[in-house]
1. Residues to consider are B:LYS58, B:LYS15; find the one that is surrounded by fewer than 24 Cβ atoms within 10 Å (Cβ to Cβ) and touching a Ser or Thr at 6+ places or on another chain (Cβ under 6 Å).
2. State all residues of region B:469-496 that are assigned to a loop (DSSP other than H, G, I, E, B) and not aliphatic (A, V, I, L, M); if no residue qualifies, say none.
3. I'd like to know if region B:161-184 contains one or more residues that are at pLDDT below 95 and within 13 Å of another protein chain (Cβ to nearest Cβ).
4. Looking at B:LYS252 and the list (1) of a type in the set (Lys, Arg); (2) modelled with pLDDT under 95; (3) within 30 Å of A:ASP57 (Cβ to Cβ), which single condition is not satisfied?
5. Looking at A:GLU158, A:GLU204, A:GLU194 in this structure, which one is within 14 Å of another protein chain (Cβ to nearest Cβ), under 25 Å from B:SER67 (Cα atoms) and surrounded by fewer than 16 Cβ atoms within 10 Å (Cβ to Cβ)?
6. Kindly list the number of the only condition in (1) among the polar types (S, T, N, Q); (2) touching a helix residue (DSSP H, G or I) at 6+ places or on another chain (Cβ under 8 Å); (3) open to solvent by 10 Å² or more (accessible area, probe 1.4 Å) that fails for B:SER491.
7. Kindly check whether there is at least one residue in region A:102-110 that is over 13 Å from the mean Cα position of the chain (by Cα), more than 9 Å from every other protein chain (Cβ to nearest Cβ), open to solvent by 10 Å² or more (accessible area, probe 1.4 Å) and over 23 Å from A:VAL182 (Cα atoms).
8. How many residues, within region B:61-97, are in contact with a Ser or Thr (Cβ under 9 Å, 6 or more places away or on another chain) and either more than 16 Å from ligand 1 (Cβ to nearest atom) or closer than 22 Å to B:ARG330 by Cα (or both)?
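The values are calculated or read from the model by the stated rules, or taken from the named source; none is laboratory data. If you're wondering where the values come from, they're calculated on a predicted model, not measured in any experiment. Here the Cβ positions follow ideal geometry from the backbone for every residue, glycine too, while neighbour counts run over all protein chains shown. We work out accessible area using only protein heavy atoms, side chains counted, and drop any ligands, DNA or RNA first. Shrake-Rupley method; radii C 1.70, N 1.55, O 1.52, S 1.80 Å.
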Amino acid sequence: MNLTLYIWRQKGPDETGKMERHDARDVSRDMSFLEMLDVVNEGLVKNGKEPVAFDHDCREGICGMCSLVVNGVPHGRKEKTTVCQLHMRHFKDGDAIYIEPWRARAFPVIKDLIVDRSAMERIMYSGGYISVHTGGVPDGNAVLISKEDAETAMDAAECIGCGACIAACPNGSAMLFTAAKVSHLATLPQGRIEAAVRVCAMTEAMAGQGFGNCSNHYECEAVCPKGISVKFIAKLNREFMRAAFIKWKRERND
Amino acid sequence: MILDGKCPSGPLSEKWEKRLHEMRLVGPANKRKFTVIVVGAGLAGTSASATLAELGYKVEVFCYQDSPRRGHSISAQGGINAAKNYPNDGDSVYRLFYDTVKGGDFRSREANVYRLAAVSSNIIDQCVAQGVPFARDYAGYLENRSFGGALVSRTFYARGQTGQQLLLGAYSALCRQIKAGSVRVHPRTEMLDLVVVDGEAKGITTRNLITGEIASYAGDAVCLCSGGYSNVYCLSTNAMGSNVTATYRAFKKGAFFANPCFNQIHPTCIPVTGEHQSKLTLMSESLRNDGRVWVPGKKGDKRPPKEVPEAERDYFLERKYPSYGNLSARDVASRATKEVCDEGLGVGPGGRGVYLDFADAISRLGEEKVRERYGNLFEMYEKITAEDAYKQPMRIYPAPHYAMGGLWVDYNLQSNIPGLFVLGEANFSDHGANRLGASALMQGLADGYFIIPYTIADYLAATTPGKVKADHAEFGKSREDVDGRTRKLISLKGSKTVNELHRELGKIMWEYVGMSRSAESLRKALKLIPELRAEFWENVRVPGSGAELNQELEKAGRVADFLEFGELIAYDALHRNESCGAHFREEFQTPDGEARRDDEKFCYVAAWEFKGEGGEPELHKEPLVFETVRLATRSYK
Ligand SMILES: Cc1cc2nc3c(=O)[nH]c(=O)nc-3n(C[C@H](O)[C@H](O)[C@H](O)COP(=O)(O)OP(=O)(O)OC[C@H]3O[C@@H](n4cnc5c(N)ncnc54)[C@H](O)[C@@H]3O)c2cc1C
Ligand code: FES
């Protein structure tokens, strides 16, 4: 099939960008979206032009590197699919496709379709862990975890941290990402002990990184390639209230 | 030179304990004076960084992705082994050790493998404590599944995303240290040279992938945790950026490269569909727990799989290897698959595929149970092929997957260059000539959490912290070399793209240095690779400049190294006149087509020394001494 692509080109963070038209010819249905871009890039290089820069690595939908907005939707319209796993059979001959980078205040463009997502890392650094040392831990079966809790924790832990949720949110909020991380650890007995400290630290970091507020649009869940549920946002809110209550009680007793 | 692995003496089960006792320690107040450079943030690099920082060392960790949590370990699907014997099915440290030595076709170092098996249980405990949500049963206990090459169930897993969960666990430990200020992360930074001062590894030279800046970092020791090199085959299950650059440039600085010809070709990957293909996708080995591998018994049978009656199917793995059946070791299963396809029995485009069928499992367990076990793998298969594996069998074919070879290290994980340690897939590892499934994650984490923290101290304790600074002349020279190479790549302005040349290399490697090799095919490769390399250095086209984000330049640097490294693989494969594990030389096989080892002549690690570009590398040997295990013919029958 033949396609017309409109691709965001931007030389650097401080440059102005624009959409540029490219033709993609003889695209096979079996190609992935990124393989289609590879072919376009090969053509550009051969013609002495600069190829389009985009992030990718595993191409298996798990590393969270790939980050393209396809026709206005992060990772494209196919449900629960990263753009590296999106195949061209979902498009048809003659289609026009618009390809843009993640757009959010917290994600400055580095070049073309590559953005800086380090703000997400800083949320993690603030408290996205259980404070355990290497060594000296109990046997893996010493603390039993109900299947239900293990599964819920895993549902949250599946987040690949790609940032599609943030790119899809009209406010550029990192709520679903943070909620998934908070819920994963708070659901497990090992993570309960620090749950209150963690949720406060992570929500505070989130607020300080240029992400917007959550006003319950739920665009995040709709685009999440791993189907992370917004129920975890409710869980984060509950954890946060609980932490505030603990703090209030402690202060009153002091 | 005869190399010494420096294994402790004494009974196998006491060696590590003995070494722990012998090694020097660095006092708590002194640790913070030492800087350790860690290249790579997969499981090995992240676990090492977090643990070293927690002990008090200053750690600088580098990766080419935008975050340590995206290291290639994240794509590991199936699981991680540990000798917990929770299922009470007869597992033990010794059995895991023996299975691994046997799986590696008796080409690994006994003492290392035993240590790996011995610490395996601690890894699971550590991960559980970090919050890794391993699969649990209804009573809340950890679940296990089986993997190839073993008759016990010892594989722990988190759905089909075990690597992701383990990496996120290690990353969380790293986050804690980042917050504490003891680790500095350098994402989007690629190591392009090792700096050796007075014979010891004292730093690295890197390129910042956003600005193009070439910089040097000095440290008291360097740990390379940069993963495997399967992308030398162009198409592999590895991530697009996986490379040999970090280890190869260390090789050029004097580090020995061990057993480069031991490359694992994984039996269950989605077959190639066309020229545009950029990578191959693994379908986890865990699927062989419940999936049955077969081909039609007659050539040219074009019927849809459902219509081929049971009696006309050849379940060739079950037929050839009745006791391990579909769970035979990887190299064995891959070769058997290639064989039936060579005979013309293969299915799918080009006849390069066999069926992996779940119909029996679905009727035995129900679709729901199968979905629970493998749901995400079936989804992934469907995304790529548009076929529903609940309704029709998957089609699979072998693909390059894992590098057993890597930089040579002694028992302490130190290379022949003092101060240079190598961890995870990047070292020549504990897997001999073939790795068993679910053992790489185990090894990466064992190296990072439980081995390097002790062994690095033994080296550091005998050095003066901060002795070499980044203003040392060697660093300047290294930066000049890296800069010169970058400029050269840009200046060529030829007519072929990096991808084209990489694909050509991949074809040579797959055809002549692939799943089965012969002296003739290897000699051919040794002729073709230098020709292609010469073409690369005349005719490659790298647009843009070095002083900016330039992905073509990144790729060009990596492919340039593969073009040298491919030759090293061929040399190694040609010199090893035996078949063992994944290294199958057509001239050396038993009458029924199995690998024929030659323990008399080749029971050693082949460690190669760089002797100048285009020059033949020099072979050094580390004899493998088996004190406990009796060398036997490996059989999965
Ligand atoms: C698809 C797939 C599935 C697998 N499934 C399993 C499984 O189920 N069980 C199992 O045990 N094993 C499995 N494996 C194997 C296992 O995942 C790997 O062997 C292991 O994770 C390697 O870990 P590592 O830390 O050594 O390297 P990697 O995880 O590959 O990490 C390499 C790191 O080095 C960095 N790096 C590389 N080069 C440079 C450079 N030049 N400069 C700076 N940084 C650099 C990268 O950025 C990355 O952070 C699988 C492998 C694949 C490909
Ligand atoms: S490239 Fe890894 S998720 Fe898409």
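1. Details: B:LYS15 fails: touching a Ser or Thr at 6+ places or on another chain (Cβ under 6 Å).
Unique residue meeting the criteria: B:LYS58.
2. So in region B:469-496, the residues assigned to a loop (DSSP other than H, G, I, E, B) come out as B:469-472, B:492-495.
Of everything in region B:469-496, those that are assigned to a loop (DSSP other than H, G, I, E, B) and not aliphatic (A, V, I, L, M) turn out to be B:LYS469, B:ASP471, B:HIS472, B:LYS493, B:GLY494, B:SER495.
3. Here is the first cut: in region B:161-184, the ones at pLDDT below 95 are B:161.
Now drop any that are not within 13 Å of another protein chain (Cβ to nearest Cβ), which leaves B:161.
Within region B:161-184, one or more residues are at pLDDT below 95 and within 13 Å of another protein chain (Cβ to nearest Cβ).
4. Every condition holds for B:LYS252 apart from (2).
5. Details: A:GLU158 fails: surrounded by fewer than 16 Cβ atoms within 10 Å (Cβ to Cβ); A:GLU194 fails: surrounded by fewer than 16 Cβ atoms within 10 Å (Cβ to Cβ).
From the options A:GLU158, A:GLU204, A:GLU194, the qualifying one is A:GLU204.
6. Every listed condition holds for B:SER491 apart from (2).
7. Applying the first criterion (over 13 Å from the mean Cα position of the chain (by Cα)) to region A:102-110 yields A:105, A:108-110.
The next check asks that each one be more than 9 Å from every other protein chain (Cβ to nearest Cβ); those that pass are A:105, A:108-109.
Now restrict to residues that are open to solvent by 10 Å² or more (accessible area, probe 1.4 Å): A:105, A:108-109.
Then keep just the ones that are over 23 Å from A:VAL182 (Cα atoms); that gives A:108-109.
Yes, region A:102-110 contains at least one residue that is over 13 Å from the mean Cα position of the chain (by Cα), more than 9 Å from every other protein chain (Cβ to nearest Cβ), open to solvent by 10 Å² or more (accessible area, probe 1.4 Å) and over 23 Å from A:VAL182 (Cα atoms).
8. Of region B:61-97, the ones in contact with a Ser or Thr (Cβ under 9 Å, 6 or more places away or on another chain) are B:61-64, B:66-69, B:71-73, B:75-87, B:89, B:91, B:93-94, B:96-97.
Narrowing the set further to residues that are either more than 16 Å from ligand 1 (Cβ to nearest atom) or closer than 22 Å to B:ARG330 by Cα (or both) leaves B:72-73, B:75-83, B:85-87, B:89, B:91, B:93-94, B:96-97.
Summing the residues that are in contact with a Ser or Thr (Cβ under 9 Å, 6 or more places away or on another chain) and either more than 16 Å from ligand 1 (Cβ to nearest atom) or closer than 22 Å to B:ARG330 by Cα (or both) in region B:61-97 gives 20.
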